[in-house]
1. Can you work out the accessible area per residue across segment 433-524, with the rest of the protein chains kept in place, probe 1.4 Å, in square angstrom?
2. Between LYS586 and ASP262, what is 0.36 nm times their sequence separation minus the Cα-Cα distance? Round to one decimal in nm.
3. Please list 474-486, 54-66 highest first by mean number of surrounding beta-carbon atoms within 10 Å per residue.
4. Go ahead and run the numbers for FRET between ARG103 and ALA455, Cβ-Cβ distance against an R0 of 41 Å, rounding to 0.05.
5. Give the calculated FRET efficiency between ASP444 and THR83 to the nearest 0.05, with a Förster radius of 22 Å applied to their Cβ-Cβ distance.
6. Can you give me the distance in nm between label points at THR477 and ARG619, each placed 7 Å from the Cα along the Cα-to-Cβ direction?
7. May I ask you to evaluate 6.51 cos²θ - 1.76 cosθ + 1.60, the Karplus curve with θ = phi - 60°, for each residue of segment 158-169 and list the ³J(HN,Hα) values in order in whole Hz, giving x for glycine and proline?
8. Residues in segment 455-488 near a label at GLU192, defined as backbone nitrogen under 20 Å from the 7 Å Cα→Cβ point?
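The values are calculated or read from the model by the stated rules, or taken from the named source; none is laboratory data. Bear in mind the structure is a predicted one, so any value in this text is a computation, not a measurement. In this analysis, Cβ positions are derived from the backbone assuming ideal geometry, glycine residues included, and neighbour counts consider all displayed protein chains. Accessible surface areas use protein heavy atoms only, side chains included; no ligands, DNA or RNA. Shrake-Rupley method; radii C 1.70, N 1.55, O 1.52, S 1.80 Å.
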Amino acid sequence: MTRPRLSTLTRGGRAATLAALTLAAAVLPPMTTADPAGAQAGPTLELVDQTWIVGDDPVVIVVALDEPVDKARLEIRVDIPVTSRDEVRAVHQGAAPGGRVARFGGPLPSFADADDERAASDEQPEDDEPEDEDAEGATHYRIEIPDEEVGEFLRGSPGALPVTVDLAVEGQVVDTLVTHVVVPDDADTDLEPVRLGATDSLATELAHRPDQTVVVPTTELDDELDRLEALPELPLALHLRPETLSALQATRDLDRLDRLGDAAAGKELLLQPWVPLDEEGWRRTGESQRVLDQYVRGRDALAALLDADVEPLVRLDDDATSATVGLLRSAGAGGALVEPDRATTDAASLDTAAADTTSFVSTAPDTTRPVEVVDDNGTPLPALVLDHDLADTLDDPDIELAAHRAATELAVLVAEQEGERAVVVDIEGIDPAALTLLTELIDDHDHLAFVAVSALFDSDPARTPDGAPVRIRLDPTPTPDLDNDAQLLRAGDQDLAAYAAMVGEDVLVAPLRTVLDAAADESLTTDDRRRYTDAVTDRIDRDTDDIVLVDTGRVTLATRTADLPLTLHNGQPVPVTVRLLLRAEKLVFPDGDTLTVELEPGENPVDVRVEARASGDARITATLTSPDDHLLLDDAAIPIRYTAL
């Protein structure tokens, strides 16, 4: 819904002004509350605009009614200020405020009467301004909080003043809107700031398929780009999927690649593997090197395709442990974002490698200050705890209300005067319009600021009562069993390494390596991964099927020592290196029984020096393999007849 701002709202036409009602309603009729199902079916209120911080001007709240309704009234209740974030959230979630300051309201004009009056006259309002409606026809109502009744709290009681607006039809409440008005403490000018950072994910499905085709989910990607482009000024820390960038390059979709680069310009790019991984799951199967290789490929893709530096920050999975932290540190991580439910630990469960256990917490630490997570050697890594409460506040269909509520939570943190705070919020799925409005509200506050996530690590850290930095240890949690998956990938790795030893790291190997790297994606099941690894093995089998020993039939040698003429066929369009292993009971090979041979495409004659121990018939077994003996290419029995005396 496109809604005008408070400064541009018109005052004529059908819109009603409730300022007069604030003085008229001394005694209000009792009302009953409808059940939730009934409330959802009726008309609803949405916040259009409001005074957020109390100043010299009247405090105004503008609401919209989404559909016409007769015999309706608005009831407004103002309660005493709350002074903590928990209290603000509790009121938003339906808890009764601490005490009522004032209650007022009045009936809304009849829609039927207004329509009759409109039909009787074609004249515009005297001020020649349009009616106070938005693009979807919702009518706006302006509520002015009366200084006469609420002035003591509006002007002299710092905190967040709860304002509840009830929409009642025939005495029954059908919808309720709860917001807050911030009353600043003008006497306290020495306040520490609250700095807010935001992280977002540009997530799409895996584009690389087992058959080496690449299918970019363009609709999904365009939706993500639309959302990112709607926040050009927000200093985001982005989780980009490097595999998606590689897919755009592979499909020559350079327009989308450029669009993504433009949208990400000025943002921080977090350290990412090439595909999303369960790092701890792979580590437990002995696949730490696979994790490290994925991070190298991810970093290289981000740097090469976006020409951007990567911020050495990672987001820890739900199953991350202290050992995962150590692995990610090896991958280049210098800081971490951690889930709030992981930010607890029992100091008694820590092993002695953690050193000073007195700095560990046994309850959830303050999520608005940097903490430290420790690796399996007890070495700390700076960390920020994600603030999901603020994300929940912002995730509301009424974007105006969501932004004001979030801004109020942050403003109350400032007023708590407990030092500088650092709040980091994951905005994935949050309406960009709510975030844009939140940015505007933050700009209006002297002690709130949107900053880069990396800058939050410089904030005052959380500390224990003894003054030590708060450390959290990530104890083991259930992790998916990836043993079978690891075996599949190892087998694929071995096949590909053997093939690479034959043909070199060229255009034949790189696409297969990409398939194996894609197979590590955390979205895949074991059966999915088997399809990827089978595709690699099948392709190698096809490519090596025509590297063979040519059947020469019986070979007759006239001397005791002679050169055995063999022919090896290479059906590949590139040179390949193979190993030829020879075995025989009546023959010896003076130059050795194992030869490494480079084969050009087509037929390749090879002479093998042999020496007979006696005249007569013999048989040579020839085996053709990859240089590491892993791939069996061909084998043959070659009959030999010696005619020498």
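1. Each residue of segment 433-524 exposes 43 Å² on average to a 1.4 Å probe.
2. Gain in length upon complete extension: 109.4 nm.
3. In descending order of packing, they fall as 54-66, 474-486.
4. 0.40
5. FRET efficiency, ASP444 to THR83: 0.60.
6. For the pair THR477/ARG619, the computed spacing is 6.3 nm.
7. x, x, 10, 8, x, 10, 10, 10, 9, 9, 10, 10
8. 455-472
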